[in-house]
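The values are calculated or read from the model by the stated rules, or taken from the named source; none is laboratory data. Keep in mind it's a predicted model, so treat the numbers as computed, not measured. In this analysis, Cβ positions are derived from the backbone assuming ideal geometry, glycine residues included, and neighbour counts consider all displayed protein chains.
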Amino acid sequence: MNFAISDIEAAIEGWRMRSPSDEAFAASTEARALARPYGAVIVHGCEGVPDAGLDDRAVLSL
């Protein structure tokens, strides 16, 4: 299964809304788990990431 960049963005935003932070760069553990694959998708110009490319925490955060 592939997760589109829009799926990852939506999940990050959902976690940011559930667990807002007053810290400039702090985020929930779920949002942080998705940040690395999200960045990789952007850097490599992909449209998504296969589930095999995600660690357990990231998969559970989606």
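A few notes on this one:
- Screening the candidates Glu30, Glu9 for the property of being crowded, with 17+ Cβ neighbours inside 10 Å and charged (D, E, K, R) yields one hit, Glu30.
Table: residues versus (1) under 15 Å from Leu62 (Cβ atoms); (2) modelled with pLDDT under 90; (3) of a type in the set (Ser, Thr, Tyr).
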residue: Ala10; (1), (2), (3): yes, no, no
residue: Gly14; (1), (2), (3): yes, no, no
residue: Ser19; (1), (2), (3): no, yes, yes
residue: Glu23; (1), (2), (3): no, yes, no
residue: Ala26; (1), (2), (3): no, yes, no
residue: Glu30; (1), (2), (3): yes, yes, no
residue: Arg36; (1), (2), (3): yes, yes, no
residue: His44; (1), (2), (3): no, no, no
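- Going through (1) of a type in the set (A, V, I, L, M, F, W, C); (2) at pLDDT below 90; (3) crowded, with 16+ Cβ neighbours inside 10 Å one by one, Leu60 falls short only on (3).
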